[in-house]
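Structure, as structure tokens:
The values are calculated or read from the model by the stated rules, or taken from the named source; none is laboratory data. Predicted model, so just to flag it, every value in this text is computed and none were measured. Quick reminder, even Gly has a Cβ in these numbers, built from the backbone with ideal geometry, and neighbours come from all protein chains shown.
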Amino acid sequence: MFYHCLYCNFTLDMRCVLNPPTQSLVDLKAHDHQLTLLPRLDSFTCNACGLKGDRSPYACFHCGFMIHQECLGLPRLININRHDHRISRTSVLGVVNSVCGFCRKKVDWTCGGFSCQRCPNYVIHSKCATRKDVWNGKELEGVSEEEEDIEPYVVIDDNTIQHFSHKEHHLRFHESNIMYEEKKWCSACSRPIGLQSFYECMDCDFSLHQNCAKCPKKRWHVLHNERLTLVTNMEIHVFPCNGCKRMSAGFRFKHGDKNLDVLCGSVSEPFVHPSHPHHPLYYIPMEKEDLCSGCNSWEYCVLRCIEGDCGYELCFKCATLPQVVKHIVDDQPLQLCYGEEEASGKYWCDICEKETNSNNWFYTCKDHLASLHTKCVLGDFAGLMPRSVVTFWGISFAVVLNNSVTRPFCRECKSRCMYPINLKFLGTSETYICSNDCAFSFCSPFFRKIQ
């Protein structure tokens, strides 16, 4: 039902009849002067968000300012998950040839938007800044900003630090080496130290990759609109990372039910990956799934190239795969290969003895004669620290390397465990679990007993 005037072609629906908008108002948050409603169909550009409108704006007759009705409620000062500092709304951005910090499209510098007082060149569209997956909905005008110490360590000298996760001892810096370090593991990401520079405890076997040691104690992340806190996970509970879906027991960035391992939690924009070195990648959420260029699986959370019609996209799992890894199948470290589109013949994985899709990423040896599935090389438990005890779905397991001459049988699938890391049920000598699926199958009866 609606009301209509035949003489001037004016129409009102029942919502506006029962709750008519204010004819004029003074809202200093929206504009310095009085605003008047223009109740008619009329094309205009909103000065607050820079987008086109086609009806009933509020207008200022003093300076020609026009604004959507829905833009009247835009906040003045906010935090977003794309920037480390607070950003404030301004009526004129004034930054020529700038791009939006979210959608990466050009910004009209004559219109309003949000900008950072500390970073003069950072601007973002009003509509982009107030998306539900970018802003947490909190207006910060009048809320004092507390300076927090987010530095993860204190520098003792040029080669020594004291990290907040290991305050009892100092850590000594070691430069990256040409030899692959496979006997030391990073306590933050639970990966081997490998070829990376790292910090090592001077009194015990605690080690951290240099990059992992730099992770701040708090940070904003594109996958969550609240600030995340770095948790050391001293109880060693296994958790699924919300970015890559891998199981991990290392450090994590956490807020509420949101958990990101330090690899996914360290992803920031612009993200540069060796598989696509010429263009950076950005996380721009879409309503549909996208095809990952690394594993050819459909994912909602992908990092995408925005250059023209490039179409290159990476899921977080592929984006955080190790570039070099050591495996028992070869004496030399394996390298990540980004697929071969013009490959001739069939490729076979030497671990599972099944065909490898040459269009997908795989690991290969120095002479490029091998093509190993990434999952076969890493397994499901690459995020767990060998020789540790972890809690997996409420049950304690020992994390063991599968490097003996004879591979054990999995308790659930009855096959020999082919992945490099297995779980071993505590209190037994032969109860091994090889994968996430088998772990869930093994733990399910225990859940039923508890319930």
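Considering (1) closer than 29 Å to Arg118 by Cβ; (2) in contact (Cβ under 8 Å) with a residue 12 or more places away in the chain, say which one Asp32 fails and leave the rest.
Against the list (1) closer than 29 Å to Arg118 by Cβ; (2) in contact (Cβ under 8 Å) with a residue 12 or more places away in the chain, Asp32 comes up short only on (2).
Would you pick out the residues in the range 93-107 that are in contact with a Ser or Thr (Cβ under 7 Å, 6 or more places away or on another chain) and in contact (Cβ under 8 Å) with a residue 40 or more places away in the chain?
Of everything in the range 93-107, just one residue is in contact with a Ser or Thr (Cβ under 7 Å, 6 or more places away or on another chain) and in contact (Cβ under 8 Å) with a residue 40 or more places away in the chain, namely Val107.
So which residues in the range 155-180 are in contact with a Lys or Arg (Cβ under 9 Å, 6 or more places away or on another chain), part of a strand (DSSP E or B) and surrounded by fewer than 18 Cβ atoms within 10 Å (Cβ to Cβ), if there are any at all?
Scanning the range 155-180 gives a single hit, Thr160.
Would you be able to tell me the number of residues in the range 310-330 that are out of contact with any Gly (no Cβ under 9 Å at 6 or more places or on another chain) and over 18 Å from Val272 (Cα atoms)?
So the count comes out to 4.
Identify the residue in the range 77-106 that is among the hydrophobic types (A, V, I, L, M, F, W, C) and modelled with pLDDT under 90 and, among all such residues, is farthest from Glu148 (Cα to Cα).
Among residues in the range 77-106 that are among the hydrophobic types (A, V, I, L, M, F, W, C) and modelled with pLDDT under 90, the one farthest from Glu148 (Cα to Cα) is Val96.
Out of (1) closer than 19 Å to His221 by Cβ; (2) part of a loop (DSSP other than H, G, I, E, B), the odd one out for Pro120 is which?
(1)
Considering Val377, Val390, Val405, which residue is modelled with pLDDT under 95 and buried (at least 21 other Cβ atoms within 10 Å of the Cβ)?
Criteria check complete, one pass: Val390.
For the range 376-388, does any single residue satisfy the condition of being more than 19 Å from Glu182 (Cα to Cα), touching a residue at least 12 places away in the same chain (Cβ under 8 Å) and touching a Phe, Trp or Tyr at 6+ places or on another chain (Cβ under 9 Å)?
No, the range 376-388 contains no residue that is more than 19 Å from Glu182 (Cα to Cα), touching a residue at least 12 places away in the same chain (Cβ under 8 Å) and touching a Phe, Trp or Tyr at 6+ places or on another chain (Cβ under 9 Å).
Given the conditions (1) under 24 Å from Tyr338 (Cβ atoms); (2) surrounded by fewer than 19 Cβ atoms within 10 Å (Cβ to Cβ), which single one is not true for Val231?
Of (1) under 24 Å from Tyr338 (Cβ atoms); (2) surrounded by fewer than 19 Cβ atoms within 10 Å (Cβ to Cβ), only one is false for Val231: (1).
With the checklist (1) in a loop (DSSP other than H, G, I, E, B); (2) modelled with pLDDT of 90 or more; (3) surrounded by 19 or more Cβ atoms within 10 Å (Cβ to Cβ) in hand, flag the one item Leu336 doesn't pass.
Unmet condition: (1).
Suppose we keep only residues that are touching a residue at least 60 places away in the same chain (Cβ under 8 Å) and among the small types (Gly, Ala, Ser) within the range 265-301. Which one would you say is surrounded by the fewest Cβ atoms within 10 Å (Cβ to Cβ)?
Ser275
Name the residue that is nearest to Cys292 (Cα to Cα), counting only residues in the range 355-375 that are without any contact (Cβ under 8 Å) to a residue 12 or more places away in the chain and either in a loop (DSSP other than H, G, I, E, B) or in contact with a His (Cβ under 8 Å, 6 or more places away or on another chain) (or both).
Within the range 355-375, the match that is nearest to Cys292 (Cα to Cα) is Leu369.
Going through the range 262-296 one residue at a time, which ones are polar (S, T, N, Q) and more than 11 Å from the chain's Cα centre (by Cα)?
Answer for the range 262-296, where residues must be polar (S, T, N, Q) and more than 11 Å from the chain's Cα centre (by Cα): Ser275, Ser293, Asn296.
Scan (1) aliphatic (A, V, I, L, M); (2) in a strand (DSSP E or B); (3) modelled with pLDDT under 95 for the single condition Leu230 breaks and write down its number.
The single condition Leu230 does not satisfy is (3).
Filter the range 345-354 down to the residues that are surrounded by fewer than 16 Cβ atoms within 10 Å (Cβ to Cβ) and part of a strand (DSSP E or B) and list them by number.
Trp348
Just give me the residues in the range 224-241 being more than 24 Å from His163 (Cα to Cα) and out of contact with any Phe, Trp or Tyr (no Cβ under 9 Å at 6 or more places or on another chain), in sequence order.
Pro240
Select from the range 39-74 the residues that are within 37 Å of the chain's Cα centre (by Cα) and basic (Lys, Arg) and list them in ascending order.
Lys52 - this is the single residue of the range 39-74 that is within 37 Å of the chain's Cα centre (by Cα) and basic (Lys, Arg).
Kindly establish whether Asp54 is outside any helix (DSSP H, G or I), touching a Pro at 6+ places or on another chain (Cβ under 8 Å), modelled with pLDDT under 90 and surrounded by fewer than 20 Cβ atoms within 10 Å (Cβ to Cβ).
On the way: outside any helix (DSSP H, G or I): yes; touching a Pro at 6+ places or on another chain (Cβ under 8 Å): no; modelled with pLDDT under 90: yes; surrounded by fewer than 20 Cβ atoms within 10 Å (Cβ to Cβ): yes.
Here the answer is no, as Asp54 does not meet what is asked.
Six or more apart or on different chains, Cβ atoms under 7 Å: show the pairs whose first residue is in the range 38-58 and farther than 18 Å from Ala129 by Cα and whose second is buried (at least 16 other Cβ atoms within 10 Å of the Cβ) and of a type in the set (Phe, Trp, Tyr).
That search, which allows pairs on different chains as well, returns Gly53/Phe44; Pro57/Phe44.
Taking the options Ser144, Ser165, Ser197, name whichever one is among the hydroxyl-bearing types (Ser, Thr, Tyr) and farther than 30 Å from Ile80 by Cβ.
Step by step, each of Ser144, Ser165, Ser197 is checked, and only Ser197 is among the hydroxyl-bearing types (Ser, Thr, Tyr) and farther than 30 Å from Ile80 by Cβ.
So, of the residues in the range 234-264 that are within 14 Å of Trp393 (Cα to Cα) and of a type in the set (Val, Ile, Thr), which turns out to be surrounded by the most Cβ atoms within 10 Å (Cβ to Cβ)?
By that ranking, first place goes to Val238.
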